[in-house]
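Notes for the one structure printed next.
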Amino acid sequence: MSLIVVRKPENEHLVLDVRSAARELTVSTRTIHRLLKRGDLKAFRCGRRVGVLTESLRAFAAQGGAA
């Protein structure tokens, strides 16, 4: 049996703010909010800030990312 080790790059973030998430998908911040409302992206709220999970950004992009 072999062991597979997956490492994330040191500079990779687990959570991005809405503006950074928009930059990653090359869409507007309004589109990110729309995707969050539709449930296409996963996020959490901490006070007034919204944190978008990078894993959900990757999954959305892998599915074709139809905004």
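The values are calculated or read from the model by the stated rules, or taken from the named source; none is laboratory data. Values in this document were obtained by computation on a predicted structure and should not be read as measured data. Here Cβ is always computed from backbone atoms with ideal geometry, including for glycine, and neighbour counts include all displayed protein chains.
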* To do: Could you look through the range 40-64, keep only residues that are in a loop (DSSP other than H, G, I, E, B) and under 12 Å from the mean Cα position of the chain (by Cα), and pick out the one that is farthest from Glu12 (Cα to Cα)?
  => Asp40
* Mind listing just one residue for me: the one in the range 21-36 that is part of a helix (DSSP H, G or I) and without any contact (Cβ under 8 Å) to a residue 24 or more places away in the chain and, of those, surrounded by the fewest Cβ atoms within 10 Å (Cβ to Cβ)? => Arg30
* Report whether or not Ala67 is in a loop (DSSP other than H, G, I, E, B), modelled with pLDDT under 95, small (Gly, Ala, Ser) and touching a helix residue (DSSP H, G or I) at 6+ places or on another chain (Cβ under 6 Å). => yes
